[in-house]
Amino acid sequence: MPITNEIVTERAKALGFDLVGFARADILSDEVEKLESWLKNGYNAGMEYMEKNIDRRKDIGKILPGAMSVISLAINYYSQEKYSGDAENGKISRYAYNKDYHLIIRKKLEKLIAELRTIDQEFFATPYIDTGPVMDKVWAKRAGLGWIGKHTNLITTELGSWVFLATIITNREFNYGRQTSDHCGSCSRCIDACPTNAIIDEYIVDANRCISYLTIENKGEIAPEFKGKFQGWLFGCDICQEVCPWNIKLASGTNELLFCATNGNKELLLDKVLEMENIEFKRVFKDSPLLRARLKGLKRNASFLKP
């Protein structure tokens, strides 16, 4: 039995995905050219891994031989909790409130692929969740889920940009939809709101200045020029998404409880972070994205936020 768009969409939504789109597995020549220019300017900061496997980013057929299509999926992660505004606390980006989304979405993808293979045993697929040499936002755009905004996040007309993206590369063909046009227009709210001027131009983010990079991926010290500019962000940053008119209009609470701040990780007392031992850190943040910064990085961030 052939697998159709309707079958994939029905099964994916039953597993909790909100949006599903399909794109032909074409060569990403223009997109990779822009990526290489971005890398040449050093905007990837210390993320040297982004310089690897460019050939695979360009041609996903090198990842899955015989690749014909990309199934792009999005799931809403917006949690409606409000921050206290207390200077003694450090704010956590909404994506990291609870269990690491890679762990949650990977299970959903594995189940989806397994279900599709029961329908078509010759269906082969390789899944990615914001990992590996796959340009998830580009494929989501090509699959018609939305457009890449000036803050470089994918914006959808259904959920705004509060979405996690997943990509399935497959050997099957589908009906491919139209790409969504760019609806940012003349709006510059994300650019104007960034306190470290990380969005150096429309659609270009310099990671060297981005609070998310500086508090998570960055392994060194934070430059003194950013002192007093983090607006209380301890891990990650949501400013450019919070001010986006599409998010203000469309943001709605996620249906996935594992994305919600049920374990008290919405914000953390800075002094508590500074006093924390590694054993406690690993226990408290087991399966949490905060492990990525390590305790050393989290303490660095907490010290930087202190007056």
- Could you list, in sequence order, all residues of the range 243-284 that are polar (S, T, N, Q) and surrounded by fewer than 16 Cβ atoms within 10 Å (Cβ to Cβ)? S252, N255, T262, N263, N278
- Task: Tell me, yes or no, whether the range 110-121 has at least one residue that is touching a strand residue (DSSP E or B) at 6+ places or on another chain (Cβ under 7 Å), of a type in the set (A, V, I, L, M, F, W, C), assigned by TED's automatic domain parsing to the domain that holds F164 and touching a residue at least 40 places away in the same chain (Cβ under 8 Å).
- Result: yes
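Residue by residue, here is whether (1) in a strand (DSSP E or B); (2) under 28 Å from N53 (Cβ atoms) holds:
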{"site": "A74", "(1), (2)": "yes, yes"}
{"site": "E81", "(1), (2)": "no, no"}
{"site": "D86", "(1), (2)": "no, no"}
{"site": "H102", "(1), (2)": "no, yes"}
{"site": "L116", "(1), (2)": "no, yes"}
{"site": "T131", "(1), (2)": "no, yes"}
{"site": "K137", "(1), (2)": "no, yes"}
{"site": "K141", "(1), (2)": "no, yes"}
{"site": "L165", "(1), (2)": "yes, yes"}
- Task: Filter the range 175-227 for residues that are assigned to a loop (DSSP other than H, G, I, E, B), closer than 25 Å to R292 by Cβ and either more than 19 Å from the chain's Cα centre (by Cα) or modelled with pLDDT under 95 (or both) and give the result.
- Result: P195, T196, N197, K219, G220, E221, I222, A223, K227
- Before we move on, is T262 hydroxyl-bearing (S, T, Y), under 28 Å from Q80 (Cβ atoms), in a loop (DSSP other than H, G, I, E, B) and at pLDDT 95 or above? no
- Looking at F230, F164, which one is of a type in the set (F, W, Y) and outside the structural domain of A74 (by TED's automatic domain parsing)? F230
- Message: Given the condition buried (at least 17 other Cβ atoms within 10 Å of the Cβ) and of a type in the set (D, E), answer yes or no: does some residue in the range 216-232 qualify?
- Response: yes
- If you go through the range 1-51, how many residues are of a type in the set (A, V, I, L, M) and in a loop (DSSP other than H, G, I, E, B)? 8
- Of all residues in the range 265-295, which are touching a strand residue (DSSP E or B) at 6+ places or on another chain (Cβ under 8 Å) and either in a loop (DSSP other than H, G, I, E, B) or assigned by TED's automatic domain parsing to the domain that holds I75 (or both)? N265, K266
- Pick out the one residue from A74, A45 that is of a type in the set (A, V, I, L, M), surrounded by 18 or more Cβ atoms within 10 Å (Cβ to Cβ) and in contact with an Asp or Glu (Cβ under 9 Å, 6 or more places away or on another chain). A74
- Note on the structure: Taking the range 244-255 and keeping residues within 15 Å of Q80 (Cα to Cα) and out of contact with any Phe, Trp or Tyr (no Cβ under 7 Å at 6 or more places or on another chain) leaves I248, K249, L250, N255
- Message: One residue is enough: does the range 52-70 have a residue meeting the conditions closer than 18 Å to F164 by Cα and either at pLDDT 95 or above or of a type in the set (F, W, Y) (or both)?
- Response: yes
- Can we say D238 is surrounded by 18 or more Cβ atoms within 10 Å (Cβ to Cβ) and within 23 Å of E48 (Cβ to Cβ)? no
- Per the filter on the range 4-14, residues of a type in the set (A, V, I, L, M, F, W, C) and either under 13 Å from G177 (Cβ atoms) or in contact with a strand residue (DSSP E or B) (Cβ under 9 Å, 6 or more places away or on another chain) (or both) are V8, A12
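The values are calculated or read from the model by the stated rules, or taken from the named source; none is laboratory data. Model, not experiment: these values are computed from the prediction. Every residue, glycine among them, receives a Cβ derived from its backbone with ideal geometry; neighbour counts consider all protein chains shown.
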